[in-house]
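So the structure is just underneath, and the comments pick up after that.
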Amino acid sequence: MAIDATQPYDESNIFARILRGEIPAKAVYEDAHALAFHDIHPQAPVHILVIPKGSYVSWDDFSEHASEAEIAGFVRAVGHVARENGLVAPGYRLLANAGGHSGQEVPHLHVHLFGGRPLGPMLGR
Ligand code: AMP
């Protein structure tokens with residue numbers, strides 16, 4: 001079920017648990033500001049999630065409350081992961097669901113990074 005993006009941060013969400021090392025993840029990159037790992041149900045040959053280390057529910061929460069360093073670190077990490085996984089030359093797609101209409105399910109900001117094949121129209125029906 002989609003989350004309410006205006007809710008307070010829930011420390012028990014699955015990505016918070018991954019960040020605390022309570023649940024395993026197939027990590028592909030980590031630095032001071034971000035962690036990247038393979039999506040457990042990939043929807044493309046490459047489907048990586050990049051999350052900030054700070055406790056932010058959604059893009060809305062992050063863009064309003066995160067520090068300049070957190071925002072810069074996160075954006076740089078997303079770009080780094082795309083480059084390191086060979087996605088720049090063939091092309092790739094970033095997607096960040098935020099709240100009810102988007103279908104966001106996990107209430108910790110994450111950017112989906114899709115690639116590895118032509119990705120078709122931007123929105124599903
Ligand atoms: P969203 O609908 O944007 O909130 O996307 C949540 C994504 O998290 C989905 O693509 C799930 O497959 C993925 N996901 C959920 N649990 C895990 C997990 N434990 N490890 C990796 N990916 C997960």
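The values are calculated or read from the model by the stated rules, or taken from the named source; none is laboratory data. Because the structure is predicted, anything quoted here is derived from the model rather than measured. When we count neighbours, we look across all protein chains shown, and the Cβ atoms used for this are built from the backbone with ideal geometry, even at glycine. The area values use the complete protein model at the heavy-atom level, side chains included, leaving out ligands, DNA and RNA. Shrake-Rupley method; radii C 1.70, N 1.55, O 1.52, S 1.80 Å.
Brief remarks follow.
- Accessible surface of the chain [probe 1.4 Å, protein heavy atoms]: carbon and sulfur percent: 55 percent
- Per residue, the convex hull spanned by the Cα atoms of the chain measures out at 110 cubic angstrom.
- Annotation for the stretch 1-90: trypsin sites (Lys or Arg not before Pro) lying in DSSP loop with at most 13 further Cβ atoms inside 10 Å of their Cβ are ARG20, LYS26.
- In this rough spin-label picture, where each label sits 7 Å from Cα along the Cβ direction, the ALA96-VAL75 distance is 1.0 nm.
- Accessible area in square angstrom per residue, the stretch 14-115, 1.4 angstrom probe: 53 Å²
- GLU64, GLU22, GLU70, reordered so the largest accessible area comes first (probe 1.4 Å): GLU64, GLU22, GLU70
- Of the residues LEU19, LEU113, LEU94, ranked by 1.4 Å probe accessible area with the largest first, the sequence reads LEU94, LEU19, LEU113.
- Ranked from largest to smallest solvent-accessible area, with a 1.4 Å probe on the protein heavy atoms, SER67, SER58, SER12 come out as SER12, SER67, SER58.
- Along the axis of the charge dipole computed for the stretch 14-115 (Cβ charges of +1 for Lys and Arg, -1 for Asp and Glu, origin at the Cα centre), the listed residues ILE51, GLY86, ALA96 are led at the positive end by GLY86.
- Within a Gaussian network of the chain (alpha carbon springs, distance under 10 Å), most fluctuating of ALA72, ALA89, ALA25: ALA89
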